[in-house]
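K.L.:
Before anything else, here's the structure in question.
The values are calculated or read from the model by the stated rules, or taken from the named source; none is laboratory data. Keep in mind that this is a model prediction, so the values were computed, not measured. Cβ atoms come from the backbone with ideal geometry, glycine included; neighbour counts cover every protein chain shown. All accessible areas refer to the heavy atoms of the entire protein, side chains included, with ligands and DNA or RNA removed. Shrake-Rupley method; radii C 1.70, N 1.55, O 1.52, S 1.80 Å.
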Amino acid sequence: MATHPLWSDDYWLLLLQLYLKKPEGMKPMYSRALVNLSLELHIPPRTLYGQLFRLRQRATPVLNLIWDTYGENPRRLNRDVKKLRSMKGFGQPREFYDGVKTNETFEHDFLPLECCHELRPFMLVMILDLYFRLTPVTMAAETPEVRELAKRMGIKPKTVVGAMETFQLCDPYLNRDGLMASPLLPSCQEIWNRYGNGNPEKLSALAAQLREYFD
C-alpha cells in the first residue's frame with residue numbers, strides 16, 4: 001500500500017490509542033472516532049483504516065516495537081500522544097506540510113454545510129440512498145424509513161424530507177421546476193453528480209458504511 005504524503009510514523013501512536021479504546025480492536029472505517037482522527041491529521045479515513053489494519057497485524061519490526069513499548073503501558077502511550085499533539089504545527093498542513101499537495105474532499109464531506117449546520121455532505125449521501133428507495137409521495141416526515149434515518153442522524157424528519165425534495169430538483173427523470181430551488185441545492189447537486197448516476201449498489205454499500213458514524 002502506498003504511503004500517504006502526510007503520513008508520519010509518529011501517527012502510529014495515535015492509531016494504537018484508537019485501537020486500544022474500548023471496545024478494543026479494529027474500528028469501523030467511518031466510525032466517529034476514526035473520522036475525527038482523519039480530520040485532525042488531514043488523512044482520509046480509508047487510509048487510516050488500512051494503517052490500523054497493518055498495526056493490528058504488527059506488519060513490520062517498527063510496529064512490533066511500538067506494541068512492545070506501549071501495548072501494556074497505556075499511561076505512557078497517553079503521555080506520549082499528548083506530547084505529540086502539543087507539537088507546533090501538528091495537524092496544520094499549511095504550516096507543518098508546506099508545499100505538500102493535499103486532497104480535502106473527504107474533509108469537506110464531514111464538515112457542516114454553511115446553509116444548514118445540522119447537515120454534512122456525507123449525511124446527504126445517506127439521504128440520497130434512501131431517496132432511491134422511496135417514491136416522491138412517500139418522501140414525507142411520516143414515512144417510517146424517513147423517521148428512522150432522521151433519528152439515527154439526530155436531525156428532524158422534515159430536514160431529511162427537505163433534502164429529498166431538493167434531490168428531486170437534481171433528478172433528470174422528474175423534471176421539477178427550478179424555481180423551487182432551496183439553499184441546499186448546490187450541496188445536493190454536488191452529491192448527485194458524484195453518486196446519483198452511478199451504481200446504486202455502490203451507493204448503498206457506502207451509505208451502510210457511513211451509518212457507522214452514528215453508532
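K.L.:
Evaluate the following for Q189: is it closer than 19 Å to T105 by Cβ, surrounded by 14 or more Cβ atoms within 10 Å (Cβ to Cβ) and more than 18 Å from the chain's Cα centre (by Cα)?
P.N.:
Considered against the rule, which asks whether it is closer than 19 Å to T105 by Cβ, surrounded by 14 or more Cβ atoms within 10 Å (Cβ to Cβ) and more than 18 Å from the chain's Cα centre (by Cα), Q189 comes out as yes.
K.L.:
To continue, here is another question. I'd like the residue in region 138-186 that is part of a loop (DSSP other than H, G, I, E, B) and of a type in the set (S, T, Y) and, out of all such residues, is least open to solvent (accessible area, probe 1.4 Å).
P.N.:
Once the filter is applied, the top-ranked residue is T143.
K.L.:
Taking the condition at pLDDT below 95 and either open to solvent by 10 Å² or more (accessible area, probe 1.4 Å) or of a type in the set (V, I, T) (or both), does E114 pass?
P.N.:
Against the criterion (at pLDDT below 95 and either open to solvent by 10 Å² or more (accessible area, probe 1.4 Å) or of a type in the set (V, I, T) (or both)), E114 qualifies.
K.L.:
Under 8 Å between Cβ atoms, which residue pairs at least 6 apart in sequence (or on different chains) link something in region 29-43 that is over 15 Å from T105 (Cα atoms) with a partner that is open to solvent by less than 40 Å² (accessible area, probe 1.4 Å) and charged (D, E, K, R)?
P.N.:
Close Cβ pairs (under 8 Å, with a partner that is open to solvent by less than 40 Å² (accessible area, probe 1.4 Å) and charged (D, E, K, R)) amount to A33/K27; L34/K27.
K.L.:
Then there is this: Search region 192-215 for residues being of a type in the set (A, V, I, L, M, F, W, C) and under 16 Å from L111 (Cα atoms), and hand back the single one that is surrounded by the most Cβ atoms within 10 Å (Cβ to Cβ). Before you say what the answer is, go through the steps one by one.
P.N.:
Quick first cut of region 192-215, residues of a type in the set (A, V, I, L, M, F, W, C) only: 192, 203, 205-208, 210, 214.
Pick out the ones that are also under 16 Å from L111 (Cα atoms) and you get 210, 214.
Values: L210: 21, F214: 15.
Here the answer is L210.
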